[in-house]
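Below: one structure, written as structure tokens.
The values are calculated or read from the model by the stated rules, or taken from the named source; none is laboratory data. Please read these numbers as outputs of a predicted model, since none were measured by experiment. All Cβ positions, glycine included, derive from the backbone under ideal geometry; neighbour counts span all protein chains shown.
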Amino acid sequence: MTKTVTTRPSFTDTDIIVVGGGLAGLVAAFGLAKSGKKIIHLAPPAPPDMRTSALMSPSVEILQQLDLVSDPNEIGEPLTKIRLIDATSRLLRAPEALFESSEAGIKAFGWNFANMRLAQNMLPLIKKYKNLTQIPLSASQMVKKDHSWEITLSDGSKLQAPLIIGADGKKSFVRQNSDITIKLQNHAQSALVCDLILERALDGESVEYHYENGPFTLVPAGGKKANLVWVDDGGILEKTAKLPANEIEAILQKKSQNLFGKLSLETPTFVFPLSSHHASEMGKNGVVLVGESGHAFPPIGAQGLNLSLRDVAQLVELIDDIDTTKPDWAKSLSSEYSKKRQGDIISTNQMVDTLFKTLLSDFLPAQMLRMGGMWALKSIAPLRKRAFEMGMGPR
Ligand SMILES: Cc1cc2nc3c(=O)[nH]c(=O)nc-3n(C[C@H](O)[C@H](O)[C@H](O)COP(=O)(O)OP(=O)(O)OC[C@H]3O[C@@H](n4cnc5c(N)ncnc54)[C@H](O)[C@@H]3O)c2cc1C
């Protein structure tokens with residue numbers, strides 16, 4: 001995925017090193033390159049990312065402003081309806097609710113993209129930016145030197161830059177080496193993902209069945225194709241993933257309540273263990289975190305990458321205004337970025353956490369709250385409007 005570099009830029013000649021070649025790292029590297037700063041992007045080869053991402057309209061606008069996506073319909077599938085079905089066998093069950101983007105006066109809530117397709121769409125841009133160099137190596141050491149950081153690469157060579165962007169995922173090497181801590185919560189749940197062919201097309205509708213152990217969501221992926229995100233007890237999912245295809249298909253069909261006829265697997269299944277964390281600070285001392293290095297949570301309400309794109313948008317805004325002739329520019333930028341990102345990250349984290357807990361709770365008052373909440377959402381127009389706004393995220 002990366003072009004191999006034979007001539008390295010001199011290590012004093014770089015403003016920013018972006019560490020990590022996932023979607024957050026790619027968007028950060030290309031987004032920052034637009035500012036004209038000199039960027040080195042460390043993007044070591046990684047296993048294919050089989051996840052898909054529902055990105056809400058404000059996030060797609062960020063990608064468009066950064067020239068990373070032109071027409072989202074060319075590479076993604078519009079999400080025009082969201083249906084919530086209480087599939088639990090609990091005493092108190094919430095009513096089924098359908099949200100339509102036309103109600104909010106918009107064509108689509110957002111688009112569903114295959115992560116690999118989104119990344120592939122960006123890669124040719126490397127040719128456009130002469131100030132961006134991609135190196136397919138990982139960072140293995142990081143030391144602070146006056147106003148810069150020195151990074152040792154996996155081949156032993158060294159690079160130096162005032163600003164380091166940690167886009168290196170949940171176990172972030174950059175975060176661990178920059179005195180930023182996280183509070184980690186490992187969940188009993190995992191998420192199983194795969195592509196399916198349905199007998200009846202979803203037609204722009206994302207359907208979320210709420211089960212006792214987590215949601216089972218079918219997301220439209222064009223025609224009769226759907227992406228499945230099934231959150232359940234990790235042990236159950238690991239066992240399911242090992243079954244023969246026809247047995248998995250029978251389980252999935254039952255969980256979809258046969259609403260879409262026969263389901264066939266189009267890809268193998270992949271299981272992702274789930275955890276939550278958010279960093280004590282999103283930046284300090286010339287280090288900035290974007291994406292899952294700074295925050296992670298279960299895929300409930302499709303918020304993870306949406307939040308990461310808002311990280312990058314904030315970073316790009318700050319870079320455009322910074323005076324890089326001042327020796328301490330990276331330090332001031334990192335603390336300013338951290339302050340500006342805290343509110344959005346805390347509120348998104350709380351929203352996902354509350355949703356996750358009320359979905360899983362067997363506690364009667366929590367069930368009453370959820371049922372009451374769903375009735376209110378179904379019937380009170382201003383509340384529906386507020387829910388739309390929260391789900392879409394800030395612009
Ligand atoms: C099942 C599932 C469904 C999801 N659905 C949605 C959704 O619908 N909408 C949404 O907004 N979000 C969704 N998310 C969340 C979203 O997928 C993630 O937030 C996002 O992909 C994380 O991107 P990232 O680049 O931060 O991390 P990663 O994708 O983990 O990338 C990190 C990269 O850093 C590299 N790296 C690690 N260490 C080093 C090092 N030392 N040096 C250099 N490179 C390094 C790794 O090789 C990797 O490529 C979902 C998540 C899951 C699990």
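Give me the strands (runs of 3 or more DSSP E) completely within segment 9-91, filtered to those with at least 2 residues that are over 15 Å from the mean Cα position of the chain (by Cα) and of a type outside the set (D, E, K, R), ordered by residue number.
Those strands (runs of 3 or more DSSP E) span 16-19, 39-42, 76-79, 81-86.
Scan segment 244-297 for residues that are basic (Lys, Arg) and assigned to a strand (DSSP E or B) and report the count.
Number satisfying all stated conditions: 1.
Restricting the search to segment 194-239, which residues are within 12 Å of the ligand (Cβ to nearest atom), of a type in the set (S, T, N, Q) and in contact with an Asp or Glu (Cβ under 7 Å, 6 or more places away or on another chain)?
Matches in segment 194-239: Thr217, Asn227.
Yes or no, residue by residue, for (1) within 16 Å of the ligand (Cβ to nearest atom); (2) in the same structural domain as Asp232 (by TED's automatic domain parsing); (3) under 22 Å from Ser178 (Cβ atoms):
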| site | (1), (2), (3) |
| --- | --- |
| Leu259 | no, yes, no |
| Lys284 | no, no, yes |
| Asn306 | yes, no, no |
| Leu315 | yes, no, yes |
